[in-house]
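**Q** Shown below is the structure under consideration.
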Amino acid sequence: MMRGDVNMQHDMRKVLKRMTAGVCVGAMLLGVSACGTKDEADVAADNQKSNAAFDVAQVKKDDRIAAMLPKSITEDNKFTVGVSPDYAPAEFLDTDGKTPIGYDMDMAKAVAAVFGLKFSPTAAEFDSILPSIGSKFDVGVSGFTMDPARKDVGEFVSFLNVGASFVVRKGNPKKLDAKNLCGHGVAVQTGTVHETTVKKFNDECVAAGKKPIDIQSMKDQTVVATNVVSGKADAFCADSPVAGYAIKQSGDKLEPLGKAFNMTPEAVVVKKGDMQTAKAVQAAVQKLIDDGTYAKILKTWGNESGAITKSEINDYSSVQ
């Protein structure tokens with residue numbers, strides 16, 4: 001969020017919070033200041049069909065896998081998931097303006113169903129989720145890719161492959177090159193792997209004696225994309241499915257810059273050292289892969305290209 005826009009964005013939240021999630025994102029990319037994705041601190045939803053296309057009601061409890069969970073997870077009969085719902089189509093707000101939906105949320109909800117627990121997503125700022133796993137949240141599911149720099153903050157259970165993409169305004173008016181962004185403004189969401197990636201690119205610029213990248217780090221991914229549309233930033237970097245969705249929602253105002261790169265596993269994050277929960281989550285994800293539910297979820301969101309065949313715990317061997 002840019003300084004000076006806070007009051008205007010607060011007012012717009014009151015107007016836009018009743019809009020559908022898709023329309024809300026589209027409005028942001030077409031110039032509207034904000035959609036209230038952060039004011040609702042605690043968001044809970046039952047395991048029932050909302051406006052998401054995939055219905056997890058068909059997923060039944062697996063007693064063997066459910067028994068793998070520690071009492072600390074099952075005692076309240078809820079599977080509490082930390083999520084930053086501003087990263088469509090992975091996670092964003094449903095038509096009620098409160099309930100997170102998307103392919104990440106469908107996977108987390110399906111895992112909860114395998115456990116026989118009530119799915120309870122809780123909205124939070126992206127960079128506050130990892131430190132709160134094990135206290136406020138049972139797990140984090142919010143586009144967390146397996147960055148080796150995160151090894152010490154949690155146990156990572158893979159369930160998807162995603163790449164990174166740069167996006168610019170339609171026609172690439174600044175004639176940017178994805179391999180040379182020195183001297184240009186690049187927007188990223190705070191705390192993401194993409195922020196780390198752009199910082200590395202910036203280090204290369206400085207080492208080569210070129211102008212540094214103006215890294216514009218923001219809490220809300222929708223604001224990141226909007227700032228490229230408005231010209232406040234020259235490009236943004238995000239997960240490929242998220243970048244593609246932003247381009248679609250922009251009304252022909254954005255386009256990709258180069259090809260996707262850094263294909264990396266995305267994961268459910270469990271508290272560091274809690275291997276019992278990590279193994280239970282892995283077993284649940286693998287069951288969903290094996291019984292075809294996983295493929296149906298990805299197809300619902302047009303993300304079949306990210307499919308994996310085996311869920312792993314802390315496997316960084318495929319990280320590019």
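Bear in mind that the values in this text are calculations on the coordinates, not laboratory data. Only a predicted model underlies this, so the values are computations on that prediction, with no experimental measurement involved. Reconstructed Cβ throughout: ideal geometry from the backbone, glycine too, with neighbour counts over all protein chains shown.
**Q** Using the Cα centre of segment 163-263 as origin and beta-carbon charges of +1 (Lys, Arg) and -1 (Asp, Glu), tell me which of Cys205, Ser240, Gln189 is placed farthest towards the positive end of the dipole.
**A** Sorting the options by dipole projection puts first Cys205.
**Q** If each of Asp252 and Tyr316 carries a label point 7 Å out from its Cα toward its Cβ, how far apart are those two points in nm?
**A** 4.5
**Q** Using the basic label-point model (7 angstrom from Cα toward the beta carbon), what is the Gln58 to Lys179 distance in nanometres?
**A** Here the modelled spin labels are 4.5 nm apart.
**Q** Report the equivalent ellipsoid semi-axes for segment 212-320 in whole Å, largest first, defined as the square roots of five times the eigenvalues of the gyration tensor built from alpha carbon atoms.
**A** Those come to 32, 18, 13 Å.
**Q** Normalised by the empirical 2.2 N^0.38 Å for globular proteins, what value does the Cα Rg of segment 163-263 take?
**A** For segment 163-263, the normalised Cα radius of gyration is 0.96.
**Q** What are the semi-axes of the equivalent ellipsoid for segment 59-195, taken as the square roots of 5 times the Cα gyration tensor eigenvalues, largest first, in whole Å? All intermediate terms of the calculation are to be shown ahead of the outcome.
**A** Numbers: eigenvalues 223, 54, 35 Å².
Largest first, segment 59-195 gives 33, 16, 13 Å.
**Q** Counting other beta carbons within 10 Å of each Cβ, put Ser317, Ser128, Ser311, Ser142 in order, fewest first.
**A** In increasing order of surrounding Cβ atoms, one gets Ser317, Ser128, Ser311, Ser142.
**Q** Right, something else. Using the 10 angstrom Cβ neighbour count as an exposure proxy, how do Tyr245, Tyr87 rank, fewest first?
**A** Final ranking by Cβ density, sparse to dense: Tyr245, Tyr87.
**Q** Related question: If the cut-off is a Cα-Cα distance under 21 Å, which lysines reach Lys60, setting aside same-chain residues fewer than 8 apart in sequence?
**A** In chain and number order, the partners are Lys49, Lys71, Lys78, Lys109, Lys118, Lys279, Lys287, Lys296, Lys299, Lys310.
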